[in-house]
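Taking it in order: structure first as structure tokens, then the write-up.
The values are calculated or read from the model by the stated rules, or taken from the named source; none is laboratory data. Just so it is clear, the structure is predicted and the values come from calculations on it, not from any experiment. FYI the Cβ positions are ideal-geometry reconstructions off the backbone, even for glycines, and counts take in every protein chain you see.
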């Protein structure tokens, strides 16, 4: 049985990984479900691009599965569905990591974002956001 996480992940960062590690450190599997949202200013990456980033980060971890799901309006359940809904509490530092800030820092050529992103995807993100700016300008 997997522990499900649903998100846009625009872009993946260590705050997400800290939350996933709640289960991974116990040897429990994690399912990262990426919402297939239309690309726009808030969602510059396609679901396929985000999936590729997570698969690169967790390439050597058989406990992680990454899928794309249709965009959702809500998560609902009836009684006795056989699973729990849990909020994972994180520190204020982890909670303050912002994918929006990361995108802006990359676009400005800053380096601060690197401390909040797994180094396996640094080059990918630089390329994705540099290409994005080239296409727009």
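Inspect all residues belonging to the stretch 68-91 and state whether any of them is assigned to a helix (DSSP H, G or I) and either at pLDDT 95 or above or in contact with a strand residue (DSSP E or B) (Cβ under 9 Å, 6 or more places away or on another chain) (or both). For the stretch 68-91, residues assigned to a helix (DSSP H, G or I) and either at pLDDT 95 or above or in contact with a strand residue (DSSP E or B) (Cβ under 9 Å, 6 or more places away or on another chain) (or both): absent.
Among residues of the stretch 60-76 that are more than 18 Å from residue 38 (Cβ to Cβ), those with a beta-carbon under 9 Å from a residue that is at pLDDT below 95 and part of a loop (DSSP other than H, G, I, E, B) at least six positions away or on a different chain give the pairs 75/85. Residues of the stretch 44-57 that are assigned to a helix (DSSP H, G or I) and touching a residue at least 12 places away in the same chain (Cβ under 8 Å): 47, 48, 49, 50, 51, 52, 53, 54, 56, 57.
A Cβ distance below 6 Å, combined with a sequence gap of six or more or placement on separate chains, defines the contacts here; from the stretch 107-119, residues that are over 17 Å from residue 15 (Cα atoms) reach no residue that is at pLDDT below 95 and assigned to a loop (DSSP other than H, G, I, E, B).
Within the stretch 11-43, being touching a helix residue (DSSP H, G or I) at 6+ places or on another chain (Cβ under 6 Å), in a loop (DSSP other than H, G, I, E, B) and either at pLDDT below 95 or closer than 22 Å to residue 76 by Cα (or both) holds for one residue alone: 11. Only residues that are under 24 Å from residue 123 (Cα atoms), more than 18 Å from the chain's Cα centre (by Cα) and in a helix (DSSP H, G or I) were counted in the stretch 92-112, giving 2.
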